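Chemist: Quick one: the structure is below, questions incoming.
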């Protein structure tokens, strides 16, 4: 139950949602209305000259009480406007039902990811699209595995998307000292991370730009092992084949290196893992690939919103009526000049 002071606090008034907020614009007009009334009454008032004895007429504090009825009426009208604007508070409760899915992003951070056929380079393009993918999910647990010549889990499965985005932003070339492309080892780490998951759907998204050149675990065997633990494997081959620009030489001329994606192996891995293979040769194609995976892997999450709206206009209406009755009572006392009303 609101008290008078609580109902007039700034924090209370700003905490409402108003059904008719434009009514509040009339509040500043109330004092102007009373000032206009006083001016009109003052101009039409008849004056009677009275002779006083010599000396000043002493002012008594009780003379201020003649303004009391107007103050009470002004407060009554102000409360009436607050009630008419209909202050409300809405409590919203969101209940989630269903189940999210577990997703592991397995990202290549080897030296070849510095090539510039995707802008500004392959790694930065992959990071940007991976962050967009994470931001577009809701209710899923997502983790990150990075690999070059070795592989390790960067982020465990989590719904803390802020942490995920921070870790993705911190990915850099050379963060794994042993260079190379250990695809099989990376899939082994991902399988180990997901195999104890209780989720009905477990997804692994592998992004690489090369062929398996490191590690002691065969990629195809690793994909079959992942599928045996219920993982669905999507593979993304990033980058173009052939001569790719890579920095500039000492004379400022573009430098090129030869690169090749082992597309056959990547397709075999996706087939063995029950998923699909995608090829992304530019930034827009990479974004579209993640968009397709996002559409393929939908979470069974349903949100039910419960809204409970409470009106508070009765509180202000009660004060308005109470002050109105008080004003009517004051009109019948010595405080009011009946000749002016």
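Laboratory data are not the source of any read-out in this text; all were calculated from the coordinates shown. For clarity, every value in this text was computed on a predicted model and none was experimentally measured. Positions of Cβ are backbone-derived with ideal geometry, glycine not excepted, and every protein chain shown enters the neighbour counts.
Chemist: Run through the DSSP bridge list for region 100-303 and note the antiparallel percent, rounded to the nearest 5.
Modeler: Bridges in region 100-303 are about 30 percent antiparallel.
Chemist: May I ask you to order 170-183, 20-33 by the average number of other C-beta atoms within 10 Å around their residues, highest value first?
Modeler: Output ranking for 170-183, 20-33: 170-183, 20-33.
Chemist: A further question follows. Helix 183-194 against the longest principal axis of the chain: what's the angle in degrees, Cα atoms only, rounded to the nearest 10?
Modeler: 50
Chemist: Only Cα pairs within less than 10 Å get springs; with that Gaussian network setup on the chain, which residue of 155, 213, 14 has the largest fluctuation?
Modeler: Of 155, 213, 14, the most mobile in the Gaussian network model is 14.
Chemist: Using a 7 Å offset from the Cα along the Cα-to-Cβ direction at both residue 68 and residue 296, what is the distance between the two label points in nm, to one decimal?
Modeler: Roughly 8.2 nm, to one decimal.
Chemist: Under the definition of Cα pairs under 8 Å and six or more residues apart, what whole-number percent is the relative contact order of region 151-272?
Modeler: 24
Chemist: Normalised by the number of residues in region 78-165, what is the relative contact order in percent for Cα pairs under 8 Å and 6+ residues apart?
Modeler: Rounded, it is 29 percent for region 78-165.
Chemist: Taking 8 Å as the Cα distance limit and 6 or more residues as the minimum spacing, I'd like the relative contact order of the chain as a percentage.
Modeler: 23
Chemist: Which order do the peptides 138-151, 262-275 take when ranked by the mean count of other beta-carbon atoms within 10 Å per residue, highest first?
Modeler: 138-151, 262-275
Chemist: Test of understanding: ordering 11, 320, 199 by Cβ neighbours within 10 Å, fewest first, what list do you get?
Modeler: Lowest count first: 11, 199, 320.
Chemist: Okay, next question. (i) 26.5; (ii) 22.7; (iii) 22.0: which one is Kirkwood radius over Cα pairs in Å as calculated from this entry?
Modeler: (i)
Chemist: Considering only the chain, what is the antiparallel percent among its DSSP beta bridges, to the nearest 5?
Modeler: 50
Chemist: Fewest Cβ neighbours within 10 Å first, please rank 205, 101 accordingly.
Modeler: Taking fewest neighbouring Cβ atoms as first place, the list is 101, 205.
Chemist: Separate question: Per DSSP helix of 4 or more residues, -39500 (n - 2.57); summed, then divided by the residues of the chain. What does that give at 222 nm, rounded to the nearest 500?
Modeler: Per the formula, -12000 deg cm²/dmol.
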